[in-house]
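J.: Quick one: the structure is below, questions incoming.
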Amino acid sequence: QETVPDLIITDLEMTPMNGIEFARQVRNNPQSPNPDLPIVIMTSYTEKRRILEIREAGLTEIMAKPVTPSFLSRNILVAMQK
């Protein structure tokens with residue numbers, strides 16, 4: 001809460017909180033310093049159900065693994081423009 005980044009890049013599979021739970025906290029927590037912060041998530045799970053869950057959580061962009069530098073760069077630009 002003390003530092004507000006311009007962008008967050010996260011992974012779906014993390015502990016103790018996965019990327020979707022993390023995004024929900026950023027978006028919905030009343031103490032979040034920037035609920036509209038662009039959040040890009042990386043995942044190897046690309047099933048329709050999972051993508052819909054990611055979108056519903058309010059993530060800005062989704063990157064399927066493996067991530068290349070050019071794909072990462074493009075997603076960062078798109079996320080920052082949103």
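J.: Can you give me the distance in nm between label points at Leu52 and Asn34, each placed 7 Å from the Cα along the Cα-to-Cβ direction?
T.: Taking the two extended label points, one gets 3.2 nm.
J.: Let me ask you something else. Arrange the peptides 50-56, 11-17 so that the one whose residues have, on average, the most other Cβ atoms within 10 Å appears first. Walk me through the numbers on the way to the answer.
T.: Numbers: 50-56: 13.9, 11-17: 11.3.
Final packing ranking: 50-56, 11-17.
J.: Checking the a/c ratio against 1.5 first, then a/b against b/c, what shape does the Cα gyration tensor give for the chain?
T.: Values: a/c = 1.78, a/b = 1.24, b/c = 1.43.
Verdict is oblate for the chain.
J.: Given Cβ point charges of +1 (Lys, Arg) and -1 (Asp, Glu) and nothing else, what value in debye, to the nearest 20, does the dipole of the chain about its Cα centre take? Present the calculation step by step, with values, prior to reporting the outcome.
T.: Details: 9 positive and 10 negative charges, 63 e Å.
With Lys and Arg at +1 and Asp and Glu at -1, about 300 debye.
J.: Give me the accessible area of Arg27, 1.4 Å probe, in Å² rounded to the nearest 10.
T.: Counting only protein heavy atoms, the figure is 50 Å².
J.: Order these peptides, 37-48, 59-70, by their mean beta-carbon neighbour count within 10 angstrom, highest first.
T.: Numbers: 37-48: 16.5, 59-70: 14.6.
Final packing ranking: 37-48, 59-70.
The values are calculated or read from the model by the stated rules, or taken from the named source; none is laboratory data. Because the structure is predicted, anything quoted here is derived from the model rather than measured. Note that each Cβ is placed from the backbone with ideal geometry, even for glycine, and that neighbours are counted across all protein chains shown. Ligands, DNA and RNA are stripped out before the accessible areas are found, and what is left, the full protein with its side chains, is counted by its heavy atoms. Shrake-Rupley method; radii C 1.70, N 1.55, O 1.52, S 1.80 Å.
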